[in-house]
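First the structure, which I've put down as structure tokens, then a few questions once you've had a look.
The values are calculated or read from the model by the stated rules, or taken from the named source; none is laboratory data. Just so we're clear, the structure is a prediction, and the values are computed from it rather than from any experiment. Because the Cβ atoms are built from the backbone with ideal geometry, glycine has one as well, and the counts that use them run over all protein chains shown. SASA here: full protein model, heavy atoms, side chains in, ligands and nucleic acids out. Shrake-Rupley method; radii C 1.70, N 1.55, O 1.52, S 1.80 Å.
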Amino acid sequence: MKNYALLLVLSFCLFSCSKNEKTATTPIAVDNFVRAADMSFLPEIESTNTIFYNSANVAESALSTLKQAGCNTIRIRLWKNPTYQFSGLEKVKAFATKARALGFKIWLTVHYSDTWADPGVQSKPEVWGNLNLSDLKLAVENYTSEVLTEINPDIYQIGNEINDGFLWPTGKLSTNENQCIDLLKVASAKIRAQSPKTKIMLHYAGINTGTNSGASWFFNKVKDVDYDYIGLSYYPMWHGKVMADIKTTINTLGATYNKKVLIAETSYPFTFGYNDYTNNIIGSVDQIISDYPASSLGQKEYLLALKGTIKSSSYGIGFAYWGTEWIAFKGNQATDGSSYENQALWDFNNRVLPAIEAFKND
């Protein structure tokens, strides 16, 4: 009986050791390629009880459809004190919490403005309008800390498309370079100190890398700022129609500044048609790449080609699709609806489009 018991113990040990050895030697796949969707309009759209459908034409939440497709990151814009409540801190925090609970990473694009910030407009929040430089730096530091405390994103984008700086006129890069750099450094230092695991991004709209212009000019100016990721917007109608230029830019900037690079915004039409009375951004063939027509297949092939271009580069680590969810949710006669419904990843019947396959982890 003793021998039988000893045999059982030895057998169990052998089984356990074998199992543990197998577990220890099995590599764990790490998903480091960012496949993001900007979904900033979704809370408003969902508040109207708009229904989204998956590829089987079954009603499904947009976030669930994205998750099953392989999207791993949700990008959300944040405004300081907006009249548009869905981009304020309270609503953004609730949305980020919801997305994180579904397993998404959170990429926060903090505009440091009460409204849209882009290369042509970088307005200070109204409450900061009359602050001197010293007080503005303190306001930026405190606000950045508040954002980290409330949301703590995986990626913190300081400003949005800050080609000529942010917080104008104080932080306008071309006229107040030192002040702009100081403000960026304040935000960066607060993120590093308070949330060391958060990745910091600086975002430029365009892929031009001329010696004294474009992205090269910008990232040379901010070279002393502590950050992790270079973010670039790429829209063919504004930034060129040669896909190979994207790879060249990624490799040039990545090697020059020793940074990882993401295409932080892109989009493409699946039709030139309209689904409401709001004028669309894109509506003619001269605005797109001839190899990829404005069709559901063309949209898919464009996004797959862009993804492949990024992955084939030496420094590219992902992309974000912009206007992903911005369907004509206010009705087909709305004049204040979507200017992007023909570039969304759901069609005019709110059914997900084939381009969503580009989020697959491959």
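Given (1) closer than 23 Å to Met201 by Cα; (2) under 20 Å from the mean Cα position of the chain (by Cα), where does Tyr268 come up short, assuming only one miss?
Among (1) closer than 23 Å to Met201 by Cα; (2) under 20 Å from the mean Cα position of the chain (by Cα), Tyr268 violates only (1).
Step by step: first the residues of segment 139-155, then only those that are of a type in the set (A, V, I, L, M, F, W, C) and outside any helix (DSSP H, G or I), then the one that is surrounded by the most Cβ atoms within 10 Å (Cβ to Cβ). Which residue is that?
Start the filter on segment 139-155 by keeping residues that are of a type in the set (A, V, I, L, M, F, W, C), which leaves 139-140, 147-148, 151, 155.
Then keep just the ones that are outside any helix (DSSP H, G or I); that gives 151, 155.
Details: Ile151: 22, Ile155: 24.
Restricting to residues being of a type in the set (A, V, I, L, M, F, W, C) and outside any helix (DSSP H, G or I), the top hit is Ile155.
Read through the list (1) within 20 Å of Ile207 (Cβ to Cβ); (2) surrounded by fewer than 16 Cβ atoms within 10 Å (Cβ to Cβ); (3) of a type outside the set (Gly, Ala, Ser), then give the number of the only condition that Glu177 fails.
Condition (1) is where Glu177 drops out.
Could you give me the residue pairs with C-beta distances under 6 Å whose first residue belongs to segment 116-138 and is open to solvent by less than 40 Å² (accessible area, probe 1.4 Å), whose second residue is of a type in the set (Asp, Glu) wherever it lies, and which are 6+ apart or on separate chains?
Short answer, once both residue conditions are applied: Pro125/Asp114.
If you don't mind, there's one more thing I want to ask. Is it the case that segment 292-303 has a residue that's farther than 28 Å from Asp31 by Cβ and free of Cβ contacts under 8 Å to residues at least 12 places away in the same chain?
Yes, segment 292-303 has at least one match.
Let me ask another. If you check Ile162, Ile158, Ile106, which single one turns out to be more than 27 Å from Trp217 (Cα to Cα), touching a residue at least 40 places away in the same chain (Cβ under 8 Å), open to solvent by less than 10 Å² (accessible area, probe 1.4 Å) and of a type outside the set (Phe, Trp, Tyr)? Walk me through how you get there before you give the answer.
Values: Ile162 fails: more than 27 Å from Trp217 (Cα to Cα); Ile158 fails: more than 27 Å from Trp217 (Cα to Cα).
Just one listed residue meets the conditions, Ile106.
Is segment 164-187 home to any residue that is assigned to a loop (DSSP other than H, G, I, E, B), farther than 26 Å from Ser312 by Cα and of a type in the set (A, V, I, L, M)? Walk me through it before giving the result.
Going residue by residue through segment 164-187, those that are assigned to a loop (DSSP other than H, G, I, E, B) are 164, 166-167, 169-171, 173-176.
Filter again for farther than 26 Å from Ser312 by Cα, leaving 164, 166-167, 169-171, 173-176.
If we keep only those that are of a type in the set (A, V, I, L, M) too, we end up with 167, 173.
Checking segment 164-187: at least one residue is assigned to a loop (DSSP other than H, G, I, E, B), farther than 26 Å from Ser312 by Cα and of a type in the set (A, V, I, L, M).
Let me ask something else. Between a residue in segment 78-90 that is of a type outside the set (A, V, I, L, M) and open to solvent by less than 30 Å² (accessible area, probe 1.4 Å) and any residue that is at pLDDT 95 or above and in a helix (DSSP H, G or I), which pairs come within a Cβ distance under 6 Å, given they are 6 or more apart or on different chains?
What qualifies is Trp79/Ser87.
Return the total of residues in segment 299-311 being farther than 14 Å from Tyr268 by Cβ and either in contact with a Gly (Cβ under 8 Å, 6 or more places away or on another chain) or open to solvent by less than 60 Å² (accessible area, probe 1.4 Å) (or both).
Just the residues of segment 299-311 that are farther than 14 Å from Tyr268 by Cβ, to begin with: 308, 310-311.
Adding the requirement that they be either in contact with a Gly (Cβ under 8 Å, 6 or more places away or on another chain) or open to solvent by less than 60 Å² (accessible area, probe 1.4 Å) (or both) leaves 308, 310.
The total comes to 2.
Here's a follow-up. Across segment 220-254, what is the number of residues that are among the aromatic types (Phe, Trp, Tyr) and without any contact (Cβ under 8 Å) to a residue 40 or more places away in the chain?
Step one: filter segment 220-254 for residues among the aromatic types (Phe, Trp, Tyr), giving 227, 229, 234-235, 238.
Filter again for without any contact (Cβ under 8 Å) to a residue 40 or more places away in the chain, leaving 235, 238.
Final tally of qualifying residues: 2.
For segment 318-335, give me each residue that is open to solvent by less than 30 Å² (accessible area, probe 1.4 Å) and either touching a Pro at 6+ places or on another chain (Cβ under 8 Å) or under 22 Å from Asp228 (Cα atoms) (or both).
Gly318, Phe319, Ala320, Tyr321
Quick check: is even one residue across segment 68-80 out of contact with any helix residue (DSSP H, G or I) (no Cβ under 8 Å at 6 or more places or on another chain), aromatic (Phe, Trp, Tyr) and either under 21 Å from Lys307 (Cα atoms) or at pLDDT 95 or above (or both)?
no
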